[in-house]
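The values are calculated or read from the model by the stated rules, or taken from the named source; none is laboratory data. Quantities reported herein were computed from a predicted structural model and do not represent experimental measurements. Every residue, glycine as well, gets a Cβ built from its backbone with ideal geometry; the counts of neighbours run over all protein chains shown.
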Amino acid sequence: MSVQQVSSALERFISEQEAKAIVLKGDWGTGKTYLWDSVLKQKKEKISRRKYSYVSLFGLSNLSDLKRGIFENVVSSETADVSGDFRSLMENVAGVGQALDRAFRKGVKVTAEAASIPFVKGLGGVVDAVSFASVSDSLICIDDYERKSPGLSGREILGLISHLVEKKNCSVILILNQGQIAGDAAEYLQFSEKVFDYEVEFSPTAEEAANIVFNYDDGYERKIIENSLILGISNIRLLKKIKYFSGALKSVLEEYPDAVSNQVINTLTLAVWSIYSSDPDKISISAIREFGGGGFERFFEEAMEGEDSEVISPKNKSSNLLRKYGFLSCDELDDAVISLVEKGYLDEVGLRGLAEKAAENVRHSEDIQLLQETWGVYRCSFRNNEEELVAGFERAIAACLNKMSVMDLDSICSIYRGLRRVDRLEQVVNSYLEGLREQGVVVDRREIFRWPRDIYLSEALTAYIDSSRVAKSFGDYIVPYAGTNGLDRDDYLSLSRCEVDDFYNFFVGADSENLHSWISFCLGFATIRASDDESQRAFEQIFVRAFEAMLRIRAESNLNTLRTDVYMSYQDAYDALVRKD
């Protein structure tokens, strides 16, 4: 049944004068209780009973607990959408106190204190019995049937419901997860037909579920609805998780372009579905993290042969779903969003940094749209349109030369060189580097993803890097690399030309918890094997001079002898290199 059909059925139930018992059933997380509460809130004036009580079976140990729970949660039907509070409980207690007073006026003494606290355990079955006897002409919701304790049988619950309907003029709705009553199914099926007038099954579509939780008129939430429909999410609890996390992110995302906001929302919806959904077709979050990289395949078993002899490939199925969803690869921003869902809390500073980086990429893409359009002209035909193509590149150069990456410029150089427009190529490269110089940009060779293939650009860029290189201190050759696997050729060659005194002064002048890491970095060159002779010689020189500095420090005091013992395992390597020299 659709949401509208189920809502109408529930509305008819609460407004009927005749006492009835019904079941509202559906799968886990479909929002049965959520829908019931919504109907009460919107249609409470149509409730035909004077009172309303809601009780969950979760945590109740026996039938007495259930009876007590029904009594304690009774409220006026006018406030059926509000949970019972202390005031409503005291009103119920006052009524029971009056009943007890009448019942025991013939000589049975019941203290006012006992009569006024029926919910305190241990005061006797008499008070409980009178309390429950006061429940009548009420609309009662009993929830979480599948979560009841073993001490409370289905026979007892259904018997109580039958009593409430037939003897107390109450209408009762039992809410249950039809997929989780297997252990009690026989008992439930045996008696349910005798107790309930009818059952209402709630199985909302993904679109209906999304519209229950989100506001389609809100542009931010509309995007979440669109994402959830692609993944087929009909579980209200999952959608409410998405709403919770998206609400925490909204104030952060307002500062960034729509493309960044859309990326975060896409990944958020995907991550909640992957981590929390029971969907058998969901993709593991580990596989999602690897999508677009080299490790995606290892999360899937070999393709199996189906009965129709067609190959079923889980990997291809998952890949197609992710691409259809618009998730092409997992970057740092995506990973931060996934971590938010996994951990349950937001690293706002870290997320802002990654969002700013993503926003810069978006702005870059917008700026070089002319360049992308020109590449479209190049790739889409075999027409003899050289002048049209070059004109397109020139427009892009005029509009955004210094917003291009080195890779962008290298690609233009390849075309200009191929078309024998070398003079113009060199002019463009010179203008590009002059723009960097005017902006004071310092280029780090290690940050260039792919070194340019064009010879002129390569040489000009190398010259620019050399000319703009910031003078480095001795520590700049060590500190950035200690504890990492990175090495910069220019830096280790410069370090190899330093003297023993430089190493000695750096080590003895240090006052840092990172000192051991710095020393280990220098001595570690003893175990590195280079691919060329110049680098190998540099590695050996760094090690020898660093070790000689340690020997000098070691000889200065007994305390330093103790401190440097840990490095003496390199003695054999040092002796071997000294003998070789």
Evaluate segment 265-275: report whether one residue or more is within 18 Å of L322 (Cβ to Cβ) and surrounded by fewer than 17 Cβ atoms within 10 Å (Cβ to Cβ).
yes
Which residue out of R537, R545 is loosely packed, with under 14 Cβ neighbours inside 10 Å, within 30 Å of R563 (Cα to Cα) and of a type outside the set (V, I, T)?
R537
Enumeration of residues in segment 200-254 that are touching a residue at least 40 places away in the same chain (Cβ under 8 Å) and not in a helix (DSSP H, G or I):
V200, E201, F202, S203, P204, T205, G232, I233, S234, N235
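Might you check whether a residue that is under 40 Å from the mean Cα position of the chain (by Cα), over 27 Å from S15 (Cα atoms) and surrounded by fewer than 20 Cβ atoms within 10 Å (Cβ to Cβ) occurs anywhere in segment 201-208?
Step one: list which residues in segment 201-208 are under 40 Å from the mean Cα position of the chain (by Cα), which gives 201-208.
Applying the additional criterion that residues be over 27 Å from S15 (Cα atoms) yields 206-207.
Remaining after also requiring surrounded by fewer than 20 Cβ atoms within 10 Å (Cβ to Cβ): 206-207.
Yes - at least one qualifying residue is present in segment 201-208.
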Please state which one of K67, K51 is over 27 Å from Q178 (Cβ atoms), more than 40 Å from the chain's Cα centre (by Cα) and modelled with pLDDT of 90 or more.
K51
Within segment 397-405, does at least one residue satisfy the condition of being farther than 18 Å from D331 by Cβ, surrounded by 13 or more Cβ atoms within 10 Å (Cβ to Cβ) and not hydrophobic (A, V, I, L, M, F, W, C)?
yes
Every residue in segment 149-172 that is touching a residue at least 60 places away in the same chain (Cβ under 8 Å), part of a loop (DSSP other than H, G, I, E, B) and in contact with an Asp or Glu (Cβ under 8 Å, 6 or more places away or on another chain), please.
L152, N169, C170
Output for Cβ contacts, cut-off 9 Å, separation at least six or different chains, first residue touching a residue at least 12 places away in the same chain (Cβ under 8 Å) and assigned by TED's automatic domain parsing to the domain that holds V341 in segment 258-274, second acidic (D, E) and buried (at least 23 other Cβ atoms within 10 Å of the Cβ), reads Q263/D334; V264/D334; N266/D334; T267/D334; L270/D334; A271/D334
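So which of N514, N558 ends up being more than 42 Å from the chain's Cα centre (by Cα), farther than 25 Å from I465 by Cα and of a type in the set (S, T, N, Q)?
Criteria check complete, one pass: N558.
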Please determine whether any residue of segment 57-70 is crowded, with 21+ Cβ neighbours inside 10 Å and among the aromatic types (F, W, Y).
no
Going through segment 376-395 one residue at a time, which ones are surrounded by 15 or more Cβ atoms within 10 Å (Cβ to Cβ), without any contact (Cβ under 8 Å) to a residue 12 or more places away in the chain and of a type in the set (A, V, I, L, M, F, W, C)?
none
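Kindly indicate the residue of segment 355-386 that is among the β-branched types (V, I, T) and in a helix (DSSP H, G or I) and also nearest to the chain's Cα centre (by Cα) among those meeting that condition. Working first, answer last.
Narrowing segment 355-386 to residues among the β-branched types (V, I, T): 362, 368, 374, 377.
The next check asks that each one be in a helix (DSSP H, G or I); those that pass are 362, 374, 377.
Values: V362: 22, T374: 38, V377: 40 Å.
The qualifying residue nearest to the chain's Cα centre (by Cα) is V362.
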Looking only at residues that are within 20 Å of S7 (Cβ to Cβ) and among the polar types (S, T, N, Q) in segment 209-227, which one is surrounded by the most Cβ atoms within 10 Å (Cβ to Cβ)?
N211
Residues that are surrounded by fewer than 15 Cβ atoms within 10 Å (Cβ to Cβ) and touching a residue at least 24 places away in the same chain (Cβ under 8 Å), drawn from segment 506-515
V508, N514
Can you find a residue in segment 127-149 that is surrounded by fewer than 20 Cβ atoms within 10 Å (Cβ to Cβ), of a type in the set (A, V, I, L, M), modelled with pLDDT under 90 and out of contact with any Phe, Trp or Tyr (no Cβ under 8 Å at 6 or more places or on another chain)?
yes
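Would you call N211 at pLDDT 90 or above and either small (G, A, S) or under 29 Å from L10 (Cβ atoms) (or both)? I'd like the intermediate steps shown before the answer.
Numbers: at pLDDT 90 or above: yes; either small (G, A, S) or under 29 Å from L10 (Cβ atoms) (or both): yes.
Judged against the criteria, N211 is a match.
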Which condition does L328 not pass, out of (1) surrounded by 14 or more Cβ atoms within 10 Å (Cβ to Cβ); (2) in a loop (DSSP other than H, G, I, E, B), if it passes all the others?
(1)
Any chance you could count how many residues in segment 255-296 are outside any loop (DSSP other than H, G, I, E, B), of a type outside the set (S, T, Y) and under 17 Å from the mean Cα position of the chain (by Cα)?
17
Failed condition for L10, given (1) farther than 22 Å from N169 by Cα; (2) in contact with a Phe, Trp or Tyr (Cβ under 7 Å, 6 or more places away or on another chain); (3) of a type in the set (A, V, I, L, M, F, W, C)
(1)
Residue within segment 175-187 that is under 30 Å from V260 (Cβ atoms), of a type in the set (A, V, I, L, M) and either loosely packed, with under 14 Cβ neighbours inside 10 Å or touching a Gly at 6+ places or on another chain (Cβ under 7 Å) (or both) present
no
Among the residues of segment 436-447, is there at least one that is surrounded by 13 or more Cβ atoms within 10 Å (Cβ to Cβ) and either assigned by TED's automatic domain parsing to the domain that holds I528 or touching a Leu at 6+ places or on another chain (Cβ under 6 Å) (or both)?
no
Filtered residues of segment 315-362 (kept if free of Cβ contacts under 8 Å to residues at least 40 places away in the same chain and among the small types (G, A, S))
S318, S319, S329, A336, S339, G344, G350, G353
Filter segment 1-37 for residues that are free of Cβ contacts under 8 Å to residues at least 40 places away in the same chain and more than 19 Å from V195 (Cα to Cα); which is surrounded by the most Cβ atoms within 10 Å (Cβ to Cβ)?
S7
Got a number for residues in segment 53-83 being without any contact (Cβ under 8 Å) to a residue 40 or more places away in the chain and within 24 Å of E16 (Cα to Cα)?
7
